[in-house]
Amino acid sequence: MLFKSIFAGILLVFVSSISAKECNLDISGTDMMQFDKTILELDSGCTSANLTLKHTGALAKNIMGHNVVIVATEKFDSVIASISMDAGLDNGYLAESEDVLAKTAMIGGGEVSEIALDLSKFEKGASYTFFCSFPGHYAIMKGKFVI
Ligand code: CO
């Protein structure tokens, strides 16, 4: 019995060490209102994922703020329509919504925001769009999130 549970324990450690795959996505934004990527792609084998946004410019976040928001592509129009100054810079000018699947902090030049993505919110092969929710930025600062 003891032998059996030790064996099961060893097997569990072995299985979890080969199946856990931590993934990292990096993207940066500039003072020219641009992201350096139009596609953020996660390997389908990822079991956890972090997203890191870096602002490589120098302008303050209330002037040239950037964040990364991920939504289902079919929700993109309704979410950008809800962007409002009233929601405040600290919320990325977006009211809380279940349509927002991931959102980094809104940052200014020289700053970094890292978040863990909740992969249970995403379906492999579905269409997702990422964008910056600073008012007016989404027209240029957007791309596809692929999983
Ligand atoms: Co922006």
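The values are calculated or read from the model by the stated rules, or taken from the named source; none is laboratory data. Bear in mind the structure is a predicted one, so any value in this text is a computation, not a measurement. Here the Cβ is made from the backbone with ideal geometry for all residues, glycine too, and neighbour counts use every protein chain on show. Surface areas here come from the heavy atoms of the whole protein model, side chains and all, with no ligands, DNA or RNA. Shrake-Rupley method; radii C 1.70, N 1.55, O 1.52, S 1.80 Å.
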From the set of residues in the range 18-30 that are of a type in the set (S, T, N, Q) and modelled with pLDDT of 95 or more, which is nearest to the ligand (Cβ to nearest atom)?
Thr30
Answer yes if at least one residue in the range 91-107 is basic (Lys, Arg) and either open to solvent by less than 70 Å² (accessible area, probe 1.4 Å) or under 23 Å from Lys54 (Cα atoms) (or both), and no otherwise.
yes
Identify the single condition in (1) at negative phi; (2) within 16 Å of the ligand (Cβ to nearest atom) that Tyr93 does not satisfy, given that it satisfies every other one.
(1)
Do we have Cys132 as closer than 25 Å to Ser19 by Cα, touching a residue at least 24 places away in the same chain (Cβ under 8 Å), of a type outside the set (Gly, Ala, Ser) and crowded, with 16+ Cβ neighbours inside 10 Å here?
no
Working only within the range 31-83, note down all residues that are more than 16 Å from the ligand (Cβ to nearest atom), open to solvent by 20 Å² or more (accessible area, probe 1.4 Å), hydrophobic (A, V, I, L, M, F, W, C) and not in a strand (DSSP E or B).
Ala81
